[in-house]
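The values are calculated or read from the model by the stated rules, or taken from the named source; none is laboratory data. Keep in mind that this is a model prediction, so the values were computed, not measured. Positions of Cβ are backbone-derived with ideal geometry, glycine not excepted, and every protein chain shown enters the neighbour counts. Accessible surface is based on the protein model in full, side chains and every heavy atom, while ligands, DNA and RNA are left aside. Shrake-Rupley method; radii C 1.70, N 1.55, O 1.52, S 1.80 Å.
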Amino acid sequence: MLKTAFTRVGAALLALPLTAALLSPPEAAATATAPLTAPPMGWSTRSLGCSVSEQSVRQAADAMASLAPLGYRYVIIDDCWLAAQRSGGKLAPDATRFPGGIAGLASYLHSKGLKLGLSLSAGTTACSGGGPGSYRNEAADAAQIKAWGVDYVKYDWCNIPTADFPGKNVQQIAEALYRPMRQALGQDIVFAMNNEDGSTVPWLWGKDAGATTWRTNVYNKPINGTYPDMVAIWEFNQLRAEYAGPGSWADPDLVQAGRTGMTETEHRTQMTLWAMAAAPLILQTPPQQAPASIVANPKVIAVNQDPLGVHGTFVKTDGWYHVLAKPLANGDRAIALFNESDRAAVISARLGSGRYRVEELWTGEVSSTTGELAAQVPAHAARLYRVAATDADEQAPPLVTFEADPQKFPGDDRPSVLEPGVPGEIVTRVTNTGATAALRDIEVTAKAPQGWTIEAGTPARTGLLKPGKTFTVRWNVTATAPPGSYEIEFRQGERTATAVIMVAKGPGPGTTYVSDLEWTAVKNHFGPVEKDTSNGDQAGGDGRPITIEGVRYAKGLGAHAPADIEYYTGGRCTTVQFFAGIDDEVGANGSAGFEVWADGGRVAYSGLITGSMPARKVTANIEGARFVRLVATNGGDNAYYDHVDFADATITCT
């Protein structure tokens, strides 16, 4: 649903004039004023939970010394700092965790040029660790916070006494609770509305209520540090862009760099997207563990902290490949090319007539272009550019687009496949995209995994590449490796392009049981997919004979819906067939739908099958497909009993 809704928004944005979106300055935004000219930056203690202490906060503050000059100044204690009860009607810190008190801690941070943030709850008690909420104590608590020297308040949405507001909806209750605290704190303290429950719709009223930042979630859930979750949160954040602006910014949650769950590329992508969105840059990783190569790039941070404070918006998107633009105070533009998909792709945008200086802020490469901006963007990666109009005397070399293994058709999001020992072809392309001068002495070289053979089937060097022209090299490649994912690195001067290659062996001719093949990808709700047995319990190898309504099957796959099992078929296969059913090991419980997908389209569906129904035969035409997926979907109830069988599953190939 999210991707569908997001794509509808993207389709509407595609109708906007690209040049106007990139080049027209936002006059209204330029005249806005706010207590802060840029979104807050800092670190949150969230990862410490209730192990947080005065000592750990001081240690983190000491470690922030190198980051503070870049703007990371707020040290935010996220819960577990309060004593269980008020003292004389006033808030008090937990004496064990914070023996020196909050005022002393604030003074310590201020001496280092840092600022202190605390979390409070708009409800009756704090979100975690115990302690009182600020409900009906807003004025007194705000006075206490200010007396301590606190600079930032994260105002949570926990333990809200909704029964005290008869006849009011959640939004009305939130407004009734958040506005008084903001008024009591005054404008000198950053006010971060952390009402994550999307039903409070803070984007509709947060700015009017004086919020420095407001959350963009649809439901109450902090970021979990995985790529799909980060992208989903970013998508929702972009849908709120029209409500964000200088002094009141959309908050898509904490920066994850340094944590497990995403690759270095994906962490850099989050930093790029947060910078373009003028989002708060609040680290979740302790400052001493945050990778400087990602969180301390001054030119990327400058995009986030630009004085205009504008939330970047879409110029072009199809739901997978995105172009975003953000106006900057000096008249430049920041432009991001984001490839959300699982395969490298060229993403491009027109800048309009004229000549431009283009700097890629992650690599520092500077080039020039007469109006086209393009790059091959790796899977899950984002490129960030600062673009400035310039004159013909600019000496920067032309912008070059260097591609390895370009997409074979629009929307191609699968890696290219080589079968072991079978020669294949990989293409590279060098394009003089900038077209501001000719390129000379272009040579492309290749480095494949050890033991592979790779040689240019066409010339790999050219003496001249005229403006706007493309130089193509076709490489003959033979893989000698077991099934898996591998990389071939191509170089052209200082530029690198990487082709991600899947090595896989397709089924042989005739009819083969699917359980005798190796899948290329697999997802399963609970435990592993089992071959020739039922799913069993959680551990691998604990399945039982596949049995559907008393009928046993010697071969097949046992899974737990939702499940998705992919095979490489190389365009040589014609038919998939199996008996679909819920295994008897869950009795009459469970329900699921069984599907067959050939490349990007569904070619067969079983209909809903329950645990009290006999097996249903499913036959699918898969002619020409490179990849085939066997999918089991949840039947619409809970997934606890959905032990699905693809019994006697076979594939027929030529």
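The condition of being touching a Lys or Arg at 6+ places or on another chain (Cβ under 8 Å), surrounded by fewer than 21 Cβ atoms within 10 Å (Cβ to Cβ) and not in a helix (DSSP H, G or I) holds for only one of GLY319, GLY261, GLY331, that being GLY319.
Per the listing TYR219, TYR243, the residue uniquely hydroxyl-bearing (Ser, Thr, Tyr), open to solvent by 30 Å² or more (accessible area, probe 1.4 Å) and farther than 24 Å from ALA382 by Cβ is TYR219.
For ALA163, indicate whether it is surrounded by fewer than 18 Cβ atoms within 10 Å (Cβ to Cβ) and assigned to a helix (DSSP H, G or I). It is true that ALA163 is surrounded by fewer than 18 Cβ atoms within 10 Å (Cβ to Cβ) and assigned to a helix (DSSP H, G or I). Only strands (runs of 3 or more DSSP E) whose full extent lies in segment 389-485 are considered here, and the ones with at least 3 residues that are within 32 Å of the chain's Cα centre (by Cα) are 401-404, 416-418, 424-431. Among the residues of segment 488-524, those identified as touching a Lys or Arg at 6+ places or on another chain (Cβ under 9 Å) and closer than 18 Å to ALA448 by Cα are ILE488, GLU489, PHE490, ARG491, ALA497, VAL500, MET502.
When segment 121-151 is filtered for residues that are of a type in the set (D, E, K, R) and not in a loop (DSSP other than H, G, I, E, B), the ones remaining, listed by number, are GLU138, ASP141, LYS146. Of all residues in segment 542-565, those satisfying the criterion of being in a strand (DSSP E or B) and open to solvent by 10 Å² or more (accessible area, probe 1.4 Å) are THR547, VAL551, ARG552, TYR553, ASP564. Scanning segment 351-387 for residues being in contact with a helix residue (DSSP H, G or I) (Cβ under 7 Å, 6 or more places away or on another chain) and not in a strand (DSSP E or B) gives a total of 7. Scanning segment 640-654 for residues being modelled with pLDDT under 95 and either open to solvent by less than 20 Å² (accessible area, probe 1.4 Å) or closer than 10 Å to VAL576 by Cβ (or both) gives a total of 0. When we screen ASP393, ASP441 for residues that are modelled with pLDDT under 95, open to solvent by 60 Å² or more (accessible area, probe 1.4 Å), more than 28 Å from MET502 (Cα to Cα) and acidic (Asp, Glu), the only hit is ASP393.
How many residues are in a helix (DSSP H, G or I) and in contact with a Lys or Arg (Cβ under 8 Å, 6 or more places away or on another chain) if we restrict to segment 236-258? Total meeting the criteria: 1.
Counting only residues that are touching a residue at least 40 places away in the same chain (Cβ under 8 Å), within 28 Å of ASP405 (Cβ to Cβ), open to solvent by less than 10 Å² (accessible area, probe 1.4 Å) and among the aliphatic types (A, V, I, L, M), segment 334-360 holds 7 of them. Out of all the residues in segment 76-103, which are among the charged types (D, E, K, R) and not in a loop (DSSP other than H, G, I, E, B)? Correct list: LYS90 only.
Which ones in segment 503-518 are out of contact with any helix residue (DSSP H, G or I) (no Cβ under 9 Å at 6 or more places or on another chain) and either at pLDDT below 95 or assigned to a loop (DSSP other than H, G, I, E, B) (or both)?
ALA504, LYS505, GLY506, GLY508, PRO509, LEU517, GLU518
Is segment 519-537 home to any residue that is in a loop (DSSP other than H, G, I, E, B), at pLDDT below 95, touching a strand residue (DSSP E or B) at 6+ places or on another chain (Cβ under 8 Å) and farther than 28 Å from TYR641 by Cβ? Yes, because at least one residue in segment 519-537 is in a loop (DSSP other than H, G, I, E, B), at pLDDT below 95, touching a strand residue (DSSP E or B) at 6+ places or on another chain (Cβ under 8 Å) and farther than 28 Å from TYR641 by Cβ.
Working carefully through the options ARG616, ARG626, find the one that is surrounded by fewer than 18 Cβ atoms within 10 Å (Cβ to Cβ) and either over 16 Å from THR650 (Cβ atoms) or not β-branched (Val, Ile, Thr) (or both).
Details: ARG626 fails: surrounded by fewer than 18 Cβ atoms within 10 Å (Cβ to Cβ).
Unique residue meeting the criteria: ARG616.
Taking segment 548-569 as the range and being in contact with a Lys or Arg (Cβ under 6 Å, 6 or more places away or on another chain) and on the phi > 0 side of the Ramachandran plot as the test, no residue passes. In segment 212-236, the residues that are at negative phi form Cβ pairs under 8 Å with partners that are open to solvent by 10 Å² or more (accessible area, probe 1.4 Å) and hydroxyl-bearing (Ser, Thr, Tyr), at six or more places apart or across chains, as follows: TYR227/THR263. Do we have ALA592 as of a type in the set (Gly, Ala, Ser), surrounded by 15 or more Cβ atoms within 10 Å (Cβ to Cβ) and part of a strand (DSSP E or B) here? Yes. Entry remark, segment 246-258: residues being open to solvent by 20 Å² or more (accessible area, probe 1.4 Å) and touching a His at 6+ places or on another chain (Cβ under 8 Å) number 1 in total.
A count restricted to segment 95-151 and to residues that are touching a residue at least 60 places away in the same chain (Cβ under 8 Å), out of contact with any Lys or Arg (no Cβ under 8 Å at 6 or more places or on another chain) and of a type in the set (S, T, N, Q) stands at 1.
So, ALA84, is that one among the aliphatic types (A, V, I, L, M) and surrounded by fewer than 16 Cβ atoms within 10 Å (Cβ to Cβ) or not? Break it down into steps so the answer makes sense when it comes.
Working: among the aliphatic types (A, V, I, L, M): yes; surrounded by fewer than 16 Cβ atoms within 10 Å (Cβ to Cβ): yes.
In short, yes.
Here ALA60 passes the criteria (1) open to solvent by less than 20 Å² (accessible area, probe 1.4 Å); (2) assigned to a helix (DSSP H, G or I); (3) farther than 30 Å from ALA278 by Cβ except the one numbered (3). For segment 502-524, the count of residues that are farther than 30 Å from ARG474 by Cα, of a type in the set (Lys, Arg), in contact with a Gly (Cβ under 9 Å, 6 or more places away or on another chain) and open to solvent by 20 Å² or more (accessible area, probe 1.4 Å) is zero.
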